[in-house]
């Protein structure tokens with residue numbers, strides 16, 4: 001076993017590798033069970049440092065358990081350590097056996113997690129991620145760089161038809177070309193930018209059982225956390241269990257479209273906090289009148305951080321004040337899900353792991369047939 005792990009936990013600890021390359025270990029001692037990851041190189045070490053900062057920032061900000069990641073330096077190198085969050089993955093089979101009550105609770109827990117993470121001010125999230133914050137300049141730069149998933153790059157889309165296409169039937173080849181075309185024309189939108197987990201599928205969830213049934217205890221694997229399109233943070237739920245994404249999206253929008261009480265409207269005209277500066281409401285850029293970027297001095301009838309916007313066609317004159325969350329784009333979620341399955345399939349072709357293609361192709365076909 002690597003000396004770095006023994007250096008942290010001592011000779012009596014029980015150590016078991018969790019991957020084929022001996023980079024991730026399960027460790028048990030008198031204090032409990034832990035997950036330990038070795039820093040493979042400087043780039044990976046930087047990722048682990050960001051993950052440590054994100055984990056510290058999220059603790060106390062979300063209701064679910066998240067890893068209590070800490071970095072330890074040993075003579076043999078750096079290791080990241082966090083206490084194991086007990087529970088198994090969320091799968092289609094588990095979702096199918098859950099009662100209506102247990103499903104509703106799971107959806108509510110996921111919606112609350114998304115709401116809590118998406119409401120984190122981007123300036124604060126940039127600090128965790130070691131991104132220099134310069135207000136609107138940073139927001140615009142992030143929208144340009146991460147406003148659409150980077151893994152479905154123009155280069156990949158150009159090469160994919162020739163590489164993956166021969167392994168698909170005629171129907172799925174049409175789906176592939178359609179997804180490439182639809183993805184290319186999706187605009188990057190600043191108001192969609194949030195801090196998010198970035199990889200929340202069923203195998204990054206810890207599900208345990210109680211008297212009601214399976215319950216979400218926590219989420220882990222914070223290595224993909226970042227500032228991204230809200231749709232990118234959501235669509236992987238469809239990988240966890242068929243139909244889960246639609247339920248979460250519906251409840252997410254219901255939660256994030258609550259309005260302030262009428263008695264509050266008068267005071268809310270005073271202004272907003274944006275990028276460290278206070279602006280009159282009428283002078284605030286229209287794109288920043290979104291809960292994710294500003295705080296409005298309104299005693300809203302909702303406990304979360306929600307911005308306000310004048311209730312008119314142009315968002316600036318007359319009428320009361322309402323809570324403002326952009327509605328989610330179902331087509332965008334649909335395109336991202338198909339693009340991701342195609343991306344995974346292309347990876348399998350490049351790795352010559354063709355045995356996995358039928359399963360992914362079946363998921364893509366089931367999704368398109370249901371639309």
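The values are calculated or read from the model by the stated rules, or taken from the named source; none is laboratory data. Owing to the predicted nature of the structure, the values given are computational and were not obtained by experimental measurement. Backbone-built Cβ (ideal geometry, glycine too); neighbour counts: all protein chains shown.
When you check residue 234 against the structure, is it within 21 Å of residue 344 (Cβ to Cβ) and surrounded by fewer than 23 Cβ atoms within 10 Å (Cβ to Cβ), yes or no?
Working: within 21 Å of residue 344 (Cβ to Cβ): yes; surrounded by fewer than 23 Cβ atoms within 10 Å (Cβ to Cβ): no.
Spelling it out, it is not the case that residue 234 is within 21 Å of residue 344 (Cβ to Cβ) and surrounded by fewer than 23 Cβ atoms within 10 Å (Cβ to Cβ).
Within the range 220-259, the set of residues being touching a strand residue (DSSP E or B) at 6+ places or on another chain (Cβ under 9 Å) and assigned to a loop (DSSP other than H, G, I, E, B) comprises 220, 225, 256, 257, 258, 259. Selection over the range 132-149 of residues that are free of Cβ contacts under 8 Å to residues at least 60 places away in the same chain and surrounded by 18 or more Cβ atoms within 10 Å (Cβ to Cβ) gives a count of 1.
Give the residues of the range 3-19 that are without any contact (Cβ under 8 Å) to a residue 12 or more places away in the chain and assigned to a loop (DSSP other than H, G, I, E, B), sorted by residue number. Once the filter is applied, which keeps residues that are without any contact (Cβ under 8 Å) to a residue 12 or more places away in the chain and assigned to a loop (DSSP other than H, G, I, E, B), the range 3-19 yields 11, 19. For the range 46-67, what are the residues that are surrounded by fewer than 16 Cβ atoms within 10 Å (Cβ to Cβ) and modelled with pLDDT of 95 or more? Within the range 46-67, 56, 63 qualify.
For residues that are in contact with a helix residue (DSSP H, G or I) (Cβ under 9 Å, 6 or more places away or on another chain) and assigned to a helix (DSSP H, G or I), scanning just the range 182-192, find the one that is modelled with the lowest pLDDT. Write out each step before concluding.
Let us first name the residues in the range 182-192 that are in contact with a helix residue (DSSP H, G or I) (Cβ under 9 Å, 6 or more places away or on another chain), namely 182-184, 186, 188-192.
Now drop any that are not assigned to a helix (DSSP H, G or I), which leaves 182-184, 190-192.
Details: 182: 98, 183: 98, 184: 97, 190: 93, 191: 90, 192: 94.
Restricting to residues being in contact with a helix residue (DSSP H, G or I) (Cβ under 9 Å, 6 or more places away or on another chain) and assigned to a helix (DSSP H, G or I), the top hit is 191.
Total residues in the range 87-118 satisfying the condition of being in a loop (DSSP other than H, G, I, E, B), within 18 Å of the chain's Cα centre (by Cα) and crowded, with 17+ Cβ neighbours inside 10 Å: the figure is 1. The conditions of being outside the structural domain of residue 33 (by TED's automatic domain parsing), surrounded by 15 or more Cβ atoms within 10 Å (Cβ to Cβ) and out of contact with any helix residue (DSSP H, G or I) (no Cβ under 7 Å at 6 or more places or on another chain) are not met by residue 129.
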